[in-house]
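These notes concern the structure reproduced below.
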Amino acid sequence: GQYGYHESNIPFEIFQNADDAVQELETFYSSIELERQYFVLEYSYNKLIFMHWGRPINKFCSPDDQDQKLRERGFDQDLVKMLSFNISDKGEDQTGKFGLGFKTVHLVTANPHVLSGDLSFTVCGGILPLPITDLDIQEDLREQLDHKRLSSTLTDGTIISLPLQADSQDGEIIREFEKQANLLLVFSKAIRQCKLITHSYTRDLNWFLKPKTVFDIPGIEVDKIYLLNVSSEWKDHMLLNFRLDSGCIALVLTPDLGTNYSPLQELPTFWVTAPIQEGT
């Protein structure tokens, strides 16, 4: 609460962690497969689930070169940093440095379940990791990962399952993320695809899967994005994005250039991968 966190921050925090995890795979591989640049959010009345296929928690060895150990990057200390307060060693190219990201899940759940690569655990008392001994829970987590992945060759995904408390089941927890998910893909460092699954719809979002540059100028991108309007309907818009060394500038191209309305005007103006609270 002192840091201004609310339950609606949870999807953004998990997305940022996933985006960093996918980017970190560049230390292991020369390039990142498109199937890994993928994030899933699934929401029901009693559970919130996130999935990604970035670097698994505590994975510090390259799968192709076991002599390549990256302890100096702190990769073997992920779990400690996830569960301890105010510990973070994120660099300038990573989002979030207060060490609070994963801990926001405790705003809505007492017992998160996590499966990441070969590691599985739940959290007791907000800080103590305990192995998931219930084989049915483990199997359910693996089946959900297998069902949602884009490639049969990916076997090291991460799933975070949050059984929701009764007062966190009204949909408010994902409402802001729904509105801004496609823009997150524009501003993210590595993730370019997102699947949203709720009790009322399933939506696939993406950005820049097939490069579309303006006049073949690198860094000037144009593609279609989908945003929820005030009537909770998905509407498509053309977005022009200037990808600069210092960041991105995104503009919606409206059919009527004379209109004063922009579908972005209800959204935050400044983003650091995820939106911040500062306005114009």
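Observations, loosely collected:
- The single condition among (1) touching a Gly at 6+ places or on another chain (Cβ under 9 Å); (2) not in a loop (DSSP other than H, G, I, E, B) that T155 does not satisfy is (2).
- Taken over segment 180-201, residues that are at pLDDT below 95 and surrounded by fewer than 18 Cβ atoms within 10 Å (Cβ to Cβ) amount to 5.
- Only one of E221, E139 that is open to solvent by less than 30 Å² (accessible area, probe 1.4 Å) and charged (D, E, K, R): E221
Rundown of residues vs (1) among the hydrophobic types (A, V, I, L, M, F, W, C); (2) farther than 17 Å from L79 by Cβ, yes/no style:
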{"residue": "H113", "(1), (2)": "no, no"}
{"residue": "S116", "(1), (2)": "no, no"}
{"residue": "F121", "(1), (2)": "yes, no"}
{"residue": "G126", "(1), (2)": "no, no"}
{"residue": "P131", "(1), (2)": "no, no"}
{"residue": "L135", "(1), (2)": "yes, yes"}
{"residue": "D140", "(1), (2)": "no, yes"}
{"residue": "Q144", "(1), (2)": "no, yes"}
{"residue": "T158", "(1), (2)": "no, no"}
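- The residues of segment 158-175 that are closer than 15 Å to T198 by Cβ, out of contact with any strand residue (DSSP E or B) (no Cβ under 8 Å at 6 or more places or on another chain) and in a loop (DSSP other than H, G, I, E, B), listed by number, are Q169, D170.
- Applying a threshold of 7 Å to beta carbon distances and a minimum spacing of six or more residues, or different chains, the list of pairs starting in segment 164-176 at a residue that is under 21 Å from F15 (Cβ atoms) and at pLDDT below 85 and ending at one that is of a type in the set (D, E, K, R) and in a helix (DSSP H, G or I) reads S168/E7.
- Within the span defined as segment 177-197, one or more residues are among the β-branched types (V, I, T), touching a residue at least 60 places away in the same chain (Cβ under 8 Å), touching a Phe, Trp or Tyr at 6+ places or on another chain (Cβ under 6 Å) and assigned to a loop (DSSP other than H, G, I, E, B).
The values are calculated or read from the model by the stated rules, or taken from the named source; none is laboratory data. Everything quoted here is computed from the prediction, not taken from an experiment. All Cβ positions, glycine included, derive from the backbone under ideal geometry; neighbour counts span all protein chains shown. With ligands, DNA and RNA removed, areas are computed over all heavy atoms of the protein, side chains included. Shrake-Rupley method; radii C 1.70, N 1.55, O 1.52, S 1.80 Å.
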